[in-house]
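The values are calculated or read from the model by the stated rules, or taken from the named source; none is laboratory data. Small disclaimer: the values here were computed from a predicted structure and weren't measured. Glycine gets a Cβ as well: all are built from the backbone with ideal geometry, and neighbour counts include every protein chain shown.
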Amino acid sequence: MTAQTILKHSFRIAWKDLTELFRNRLGLVLLIVMPLFMMVMVGFIYPSNGASLSNLPIAMVNEDSGFNNSTIPSQTFILTLQGINNQTGMLTLTNVSSISEVKDLVQRGELSGGIVIPSNFSQSIYSGQQGTIIIVTDQSNPQISATIQSVLTSVFNNMGTMLAQRQIQLINPTLNATSSLAAVKPYNVQTEGVVPGTPSYFDFIAPGIMAMTVMMSVMTGLPVAISQEKEIGTMDGMMVAPINRLSILLGKTIAQTMRGLIQGVIILVLAVGIFGVAIQGNILLVFALLLLGVFSFVGLGIVITSFTKDQETAQMLMMTLMFPMMFLSGVFFPIAQMPWYMQDISKVLPLTYASDALRKVMVLGAGIPQISTELIILIVFGIVMIAIALPVFRRMMTR
Amino acid sequence: MDNGYIIEVKNLTKNFGEFTAVDDISFNVKKGEIFGLLGPNGAGKSTTLRVLSTLSRPSKGTATIGGYDTVKNDTEVRKLIGIVSEKMIIYNRLTAKENLWFFGSLFNIQKETLAKRIDDLLELVNLTKWKDAQVGTFSTGMRQRMNVVRALLNMPQVLFLDEPTLGLDPQSSVEIRDFIKKLNQENGTTVIITTHMMVDADLLCDRIAIVDHGKIIALDTSTNLKKIISGGDTMIIKLEIANLTPDLLSAVKTLKCIDAVTQENSTRVHLIVHGEEAFDSIVDTVRERNGKITSMENLQPTLEDVFLHITGHEVRDSADQKMPTEHHRRFGGAPKRVR
């Protein structure tokens with residue numbers, strides 16, 4: 001049987017599969033809704049910076065007993081904080097009488113945290129010591145409390161800097177604002193990305209989700225599609241036709257790849273259109289990478305197909321494999337933030353390299369030379385997996 | 001082929017692990033014959049069919065179709081055959097025409113020829129009107145007609161039919177039977193049919209192989225098979241006892257002349273008996289226990305009786321219960337069958 005005939009038959013099978021797919025209305029809707037959900041949920045659950053926090057209910061406790069009947073330092077502190085907050089609208093400050101009441105309100109879930117000025121605040125400042133500010137955090141919500149902590153710390157640091165600047169100017173009136181700032185904070189930190197603009201979390205996850213959806217569609221779609229046909233019996237119809245077994249496999253793979261790519265395009269359109277993701281690199285390279293990702297996963301999909309007897313097992317096996325892969329491949333969380341053994345696992349998953357390469361191209365505008373390592377790994381992985389898969393598949397088809 | 005046999009099966013065995021589904025069977029089928037494999041669910045009929053149609057490899061033995069070995073020359077065999085499986089091989093989301101077009105395109109048939117053939121086949125089963133409707137909207141009878149013509153796209157010399165009337169209403173069953181008969185007579189297509197329906201086998205088949213527990217236990221024409229009963233001193237008696245009790249029934253069962261007993265309902269039993277004194281001893285036994293015989297009839301033997309006579313159990317008590325569950329899993333569905 002010539003390669004041409006094999007291809008011709010596989011195209012017929014792919015056409016049949018895609019016709020079925022497009023006639024399944026609900027399936028089509030889910031095809032669009034699934035990636036949308038994933039983008040929305042993941043994108044909004046993990047806010048990219050503190051600026052997106054607003055109106056956090058925070059308690060304000062002033063226990064300052066003053067020094068020589070003067071509470072000027074604590075009053076200044078509160079006024080400055082209120083001034084800053086009026087501009088950012090980040091916090092909703094509530095006056096509370098004591099620290100124990102703050103803790104009670106946090107426990108009830110009415111407050112996200114508190115700022116406490118201790119009784120010796122003014123006294124410390126007047127006696128030439130540091131004034132302590134206590135931030136009460138809600139440990140049940142580490143994400144929020146970490147954000148509050150870092151935001152408040154930087155606000156307080158800025159307030160401290162301003163105060164120090166003013167005091168230096170009192171000592172040496174000849175200094176202007178700039179040089180007094182230089183005296184207090186000699187180092188000025190500036191950040192500059194590889195490409196202009198500040199990427200949001202969406203820029204980070206969009207390439208990953210794209211790579212994942214497209215590659216998974218083959219790995220999960222293939223076993224499900226084949227075991228489903230085996231179960232309803234239509235597979236026999238193809239098996240008794242005088243066609244090469246490879247045509248069936250190839251046809252199914254083409255159909256699943258198309259399905260995956262359609263989903264990939266949907267994600268891309270959503271990411272660019274709704275979530276403002278900018279694509280810095282070559283769009284054709286993006287698609288080439290997606291196809292390469294599919295290629296690297298085909299073998300794995302075939303092996304799984306060969307070992308699953310029915311659709312239910314196929315689906316369960318998929319879920320079991322998908323979850324670790326989703327989280328270990330750096331699609332949602334940076335790999336660097338994982339323990340070493342997990343990092344080692346992520347290094348053997350092809351999805352890691354596909355999403356990495358895709359991210360480099362989409363976010364950083366990288367070209368082929370910058371992602372050559374990833375490309376080689378994906379190609380080698382694909383070839384090795386297919387070499388393993390084909391004999392396994394042949395054995396399975398003629399039981 | 002030279003000896004007029006289009007199918008030759010020699011010592012065919014198929015094991016699934018420990019379980020032997022087909023146990024060393026041999027038979028030949030003549031060109032143009034309608035050949036039936038009759039037996040209960042799980043007897044090994046479908047497995048035999050799967051091996052013959054290249055879907056499964058035999059564990060031992062060989063099968064040839066048109067002279068081609070089903071394992072070594074599977075592609076050649078596939079060109080000669082068509083299968084109508086118990087599970088319908090049609091895609092619900094494709095239209096009637098698209099289905100036929102898809103399956104037809106897997107054979108190397110010229111486009112124009114295929115188009116013509118599809119139109120003819122749809123016409124043949126009165127589905128031309130529905131050719132552009134999705135098959136999922138069809139009735140079971142229509143779907144089965146589709147399923148049958150799908151197997152005819154390559155004009156097969158041998159058509160395998162696995163329980164073709166299963167789950168069909170009586171009218172659709174008649175239609176399918178007539179269609180098979182017509183196909184056989186007009187095109188000379190050899191037909192291999194598996195069934196557990198005695199009517200199908202009786203009305204259609206030139207020869208019938210009775211299969212039980214993976215073995216062929218009898219193979220002959222329907223008439224000759226029935227002679228096993230009517231030829232000897234075996235009789236079939238329908239007996240109605242107004243006050244039939246389990247005790248009475250077991251007393252009858254223990255009689256020497258009884259070969260097999262089937263209870264049809266609360267008053268009627270079906271007996272296969274032998275010997276000249278059979279009538280007398282049955283009547284005596286029933287009267288002794290104060291049974292009231294309301295009717296007693298000597299029946300013409302049916303294939304069902306033949307089966308009962310040879311195997312000692314009914315076709316209807318399918319081998320299901322005795323089957324290991326592993327088997328069900330592999331074949332997916334024997335327990336789902338509706339009767």
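Being at pLDDT below 95, assigned to a loop (DSSP other than H, G, I, E, B) and at negative phi: is that true of B:ASN108 here?
When the stated conditions are applied, B:ASN108 passes them.
From A:GLY260, A:GLY293, A:GLY281, A:GLY276, which residue is assigned to a loop (DSSP other than H, G, I, E, B) and at pLDDT 85 or above?
Only one candidate qualifies: A:GLY281.
How many residues, within the range A:174-231, are free of Cβ contacts under 8 Å to residues at least 12 places away in the same chain and not hydrophobic (A, V, I, L, M, F, W, C)?
Residues flagged as free of Cβ contacts under 8 Å to residues at least 12 places away in the same chain and not hydrophobic (A, V, I, L, M, F, W, C) within the range A:174-231 amount to 14.
What is the residue count in the range B:48-65 for residues that are among the β-branched types (Val, Ile, Thr) and more than 14 Å from chain A (Cβ to nearest Cβ)?
3
In the range A:14-33, how many residues are at the interface with chain B (Cβ under 8 Å from one of its Cβ atoms) and under 14 Å from A:GLN228 (Cβ atoms)?
Of the residues in that region, 3 qualify.
Listed here are the residues, each with its yes/no results for (1) outside any helix (DSSP H, G or I); (2) in contact (Cβ under 8 Å) with a residue 12 or more places away in the chain; (3) among the basic types (Lys, Arg); (4) not assigned by TED's automatic domain parsing to the domain that holds B:PHE35.
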| site | (1), (2), (3), (4) |
| --- | --- |
| B:LEU203 | no, yes, no, no |
| B:ALA209 | yes, yes, no, no |
| B:ILE216 | yes, yes, no, no |
| B:LEU219 | yes, yes, no, no |
| B:LEU239 | yes, yes, no, yes |
| B:ASN243 | yes, yes, no, yes |
| B:ASP247 | no, yes, no, yes |
| B:LEU255 | yes, yes, no, yes |
| B:ASP259 | yes, yes, no, yes |
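Taking the range A:106-115, which residues are surrounded by 20 or more Cβ atoms within 10 Å (Cβ to Cβ) and not in a loop (DSSP other than H, G, I, E, B)?
Listed by number, the residues that qualify are A:VAL106, A:GLY113, A:GLY114, A:ILE115.
Take the residues of the range B:35-47 that are out of contact with any Phe, Trp or Tyr (no Cβ under 9 Å at 6 or more places or on another chain) and not in a strand (DSSP E or B): which is farthest from the other protein chains (Cβ to nearest Cβ)?
B:ALA43
Answer yes if at least one residue in the range B:161-172 is within 22 Å of B:GLU8 (Cα to Cα) and in contact with a helix residue (DSSP H, G or I) (Cβ under 6 Å, 6 or more places away or on another chain), and no otherwise.
Yes.
Starting from the range B:87-105, take each residue that is of a type in the set (Gly, Ala, Ser) and list its partners that are in a loop (DSSP other than H, G, I, E, B), counting only C-beta distances under 9 angstrom and pairs at least six apart or across chains.
Close Cβ pairs satisfying both conditions: B:ALA96/B:ILE90; B:ALA96/B:LEU127; B:ALA96/B:LYS131; B:ALA96/B:ASP132; B:ALA96/B:ALA133; B:ALA96/B:PHE138; B:GLY104/B:LEU153; B:GLY104/B:ASN154.
Which one is nearest to the other protein chains (Cβ to nearest Cβ) among residues in the range B:66-96 that are over 30 Å from B:THR140 (Cβ atoms) and not in a helix (DSSP H, G or I)?
Once the filter is applied, the top-ranked residue is B:VAL71.
Being over 23 Å from B:LYS182 (Cα atoms) and either free of Cβ contacts under 8 Å to residues at least 12 places away in the same chain or not assigned by TED's automatic domain parsing to the domain that holds B:LEU183 (or both) narrows it down to one of B:LYS45, B:LYS72, B:LYS60, so name that one.
From the options B:LYS45, B:LYS72, B:LYS60, the qualifying one is B:LYS72.
Would you be able to say whether some residue in the range A:178-188 is in a helix (DSSP H, G or I) and within 24 Å of A:THR71 (Cα to Cα)?
no
Give the range B:152-169 a look and list any residue that's away from chain A (no Cβ under 14 Å) and either under 15 Å from B:ASN99 (Cα atoms) or of a type in the set (Val, Ile, Thr) (or both), or say none.
Hit for the range B:152-169 is B:THR165, nothing else.
With the condition being under 23 Å from A:PHE204 (Cβ atoms) and either among the acidic types (Asp, Glu) or outside the structural domain of A:LEU290 (by TED's automatic domain parsing) (or both), I'd like the helices (runs of 4 or more DSSP H) fully within the range A:302-399 carrying at least 1 qualifying residues.
A:340-347, A:350-364, A:372-397
If you go through the range B:161-175 one residue at a time, do you hit one that is in the same structural domain as B:ARG50 (by TED's automatic domain parsing), free of Cβ contacts under 8 Å to residues at least 40 places away in the same chain, under 30 Å from B:VAL51 (Cα atoms) and aliphatic (A, V, I, L, M)?
yes
Among the residues that make up the range B:111-131, is at least one of them within 9 Å of another protein chain (Cβ to nearest Cβ), surrounded by fewer than 19 Cβ atoms within 10 Å (Cβ to Cβ) and either among the aliphatic types (A, V, I, L, M) or in contact (Cβ under 8 Å) with a residue 40 or more places away in the chain (or both)?
no
Within the range B:254-264, restricting attention to residues that are surrounded by fewer than 16 Cβ atoms within 10 Å (Cβ to Cβ) and modelled with pLDDT under 85, which residue is farthest from B:PHE307 (Cα to Cα)?
B:LYS256
Looking at (1) at pLDDT 85 or above; (2) over 38 Å from the mean Cα position of the chain (by Cα), which one does A:ILE58 not meet, given that it meets all the others?
Going through (1) at pLDDT 85 or above; (2) over 38 Å from the mean Cα position of the chain (by Cα) one by one, A:ILE58 breaks only (2).
Would you check if A:ILE266 is more than 22 Å from A:THR373 (Cβ to Cβ), β-branched (Val, Ile, Thr) and either in the same structural domain as A:LYS16 (by TED's automatic domain parsing) or in a helix (DSSP H, G or I) (or both)?
Here the answer is yes, as A:ILE266 does meet what is asked.
Considering B:VAL174, B:VAL149, B:VAL199, which residue is crowded, with 19+ Cβ neighbours inside 10 Å and either within 14 Å of chain A (Cβ to nearest Cβ) or within 20 Å of the chain's Cα centre (by Cα) (or both)?
One residue alone meets the criteria, B:VAL149.
Could you tell me whether the range A:82-105 includes any residue that is of a type outside the set (A, V, I, L, M), in the same structural domain as A:MET159 (by TED's automatic domain parsing), in a strand (DSSP E or B) and under 30 Å from A:SER200 (Cβ atoms)?
Within the range A:82-105 (the criterion being of a type outside the set (A, V, I, L, M), in the same structural domain as A:MET159 (by TED's automatic domain parsing), in a strand (DSSP E or B) and under 30 Å from A:SER200 (Cβ atoms)), the answer is yes, since at least one residue qualifies.
Okay, residues lined up against (1) within 14 Å of another protein chain (Cβ to nearest Cβ); (2) under 20 Å from the mean Cα position of the chain (by Cα); (3) assigned to a loop (DSSP other than H, G, I, E, B); (4) polar (S, T, N, Q):
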residue	(1), (2), (3), (4)
A:GLN169	no, no, no, yes
A:ILE205	no, yes, no, no
A:MET212	no, yes, no, no
A:VAL224	no, no, no, no
A:ASP236	yes, no, no, no
